[in-house]
Amino acid sequence: MTTETTLPVTLADIESAAQVLKPVIALTPIEHSRVLSQHLGAEVFLKCENMQRAGSFKVRGAYVRMSKLSDEEKARGVVAASAGNHAQGVAQASSQLGIKARIYMPRGVALPKLTATRDHGAEVVLFGDTVDEALAEAQRYADETGAVFVHPFDHPDIIAGQGTIGLELLEQLPEVETVLMGVGGGGLLAGVAIALKEKARELGRDIKVIGVQAENAAAYPPSLAADALVPLDTVHTIADGIAVGKPGQLPFTIIKELVDDVVTVSEDALARALVVLLERNKLVVEPAGAVGVAALLENRLEEHGINPATTAVILSGGNIDPLLMLKVIQRGLSAAGRFLTVRMMLPDRPGALAQISRIIADSDANVTRLDHTRIGGSLSMGDVAITIDLETKGHEHSKTVLNNLRAEGFDPQITNNAGGSVA
């Protein structure tokens, strides 16, 4: 392991940041998760940064960075770019410190994040379609005007601020052996890795630190394999908070030395993780904040040879658009076998639809929507097509419903098999 003194951020930097933050942030709770503990076969705890002020961990790094500005720099104002959480962190910190802030956000940013950023008093400019495009424009504005650019992850003060979560986690859960968290640019993972690894070294033990990325926005695995920053051609994920196409240089330097692994998860696993957190743990978490839980649900630790042990997952944020939440919940229910959409052909005669309804009712499933049509290029004369949305009770129950329909001569075709386990 690289020693503390050779890293661009030290444990002492993080401990100093913790003192700066003490009067301005909330000490977020650690919650035990029985359902995740049963799934993993070891105790699982959740570090609830979704309950942090401004709804995510980002205010930590933003405040530390901006608190160190000179009076002359503060007078010039700050500029930042973000899909939402860093924007809110900078906006909140600038309000507390009395600094003018201009924030670039990509078009299509979640409305609650946009509104919250403006409510903190920041000037918001919508630019580009990705965080990377907004970052480039924010840097251009800083170069042109002299405003101080507050990078979301690629700065020592930002990394030190985010690393304070690691110190809190060890104080709240000293027996922790494995810690998972999401990674976009890498500021959170880098800072927490320094705090955990160096503190554990002082105690003569080791703590596994695992980063998690959405598989459609995973720049770290190829970059770590190449030992160089490898930008992605495209980034597409519901986890907008970690939809970053290229690692930060400083975080990458730390992560490649200290982090034990970076794993990826599917979009369906992300959706299931949000449903589990909402339904079983009563926690509202955004997709980027739930990637660590998704990794547990997809058994990523076991696949990468990490034995189950006392595990903590950092829920990094809870700023989710209600409209996205509706979509994600439906996808998550589908992935868990609890929402099923089927299409089938029926003879256009009285009683056919009633027969279908009887089979579904006898199977103890519930119809939530039905579409009935006689018109379509694939329809024969005398046939109708129906599409039915059903509430079911899991993959096995879904199979039972389908088998009961087939037993009476129907041919239901699944149109939403997100989980891939129903046939």
Cross-link pairs 22/256; 47/197; 208/282 - those with Cα-Cα distance over 21 Å: 22/256; 208/282
Fraction of antiparallel bridges per DSSP, the chain only, in percent to nearest 5: 45
Debye intensity ratio in log₁₀ form over the Cα atoms of the range 1-142, taken at each q of 0.21 Å⁻¹: -1.20
Residues in the range 152-179 that a label on residue 31 would reach, taking backbone N under 16 Å of a point 7 Å out along Cα→Cβ: none
Computed lengthening from residue 370 to residue 201, 0.36 nm per intervening residue step minus Cα-Cα distance: 54.8 nm
Test item: Cα-centred dipole of the chain, Lys/Arg +1 and Asp/Glu -1 on Cβ, debye: 860
Only Lys, Arg (+1) and Asp, Glu (-1) charged, at Cβ; the range 60-149 dipole about Cα centre in debye: 320
Whole-angstrom Cα spans of the range 70-215 along principal axes, big to small: 49, 39, 26
Cα point-scatterer Debye curve for the range 337-414, base-10 log of I(q)/I(0) at q = 0.13 Å⁻¹: -0.36
Rounded to the nearest 20 debye, dipole of the range 337-414 from Cβ charges on Lys, Arg, Asp, Glu: 60
Equivalent ellipsoid semi-axes - Cα gyration tensor, the range 60-149, angstrom: 20, 15, 10
Which of 381, 345 is most accessible, then next, and so on - probe 1.4 Å: 381, 345
Where only alpha carbons of the chain are counted, the Rg and the Dmax (Å): 24.2, 81
Highest average packing first - 63-73, 189-199, Cβ atoms within 10 Å: 189-199, 63-73
Approximate spin-label separation residue 71-residue 139, in nm, with each point projected 7 Å along Cα-to-Cβ: 3.2
Residues with amide H under 5 Å from that of residue 341, placed H, sequence gap 5 or more: 390, 415, 416
Nearest-ten-degree value, helix 187-202 long axis tilted from longest Cα axis of the chain: 70
Relative contact order for the chain, counting Cα pairs under 8 Å that sit 6 or more residues apart, in percent: 16
Those residues of the range 209-226 whose amide nitrogen sits under 15 Å from the label point placed on residue 236, 7 Å along Cα→Cβ: 215-218
Burial order of peptide ranges 206-213, 150-157, 366-373 (average beta-carbon count within 10 Å, highest first): 206-213, 150-157, 366-373
Sequence ranges 135-148, 324-337, ranked by mean other-Cβ count within 10 angstrom, highest first: 324-337, 135-148
Cα centroid separation, the range 226-290 to the range 46-98 (Å): 21
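The values are calculated or read from the model by the stated rules, or taken from the named source; none is laboratory data. Values in this document were obtained by computation on a predicted structure and should not be read as measured data. Cβ atoms come from the backbone with ideal geometry, glycine included; neighbour counts cover every protein chain shown. Remember, those area values only see protein heavy atoms, side chains included, never the ligands or the DNA or RNA. Shrake-Rupley method; radii C 1.70, N 1.55, O 1.52, S 1.80 Å.
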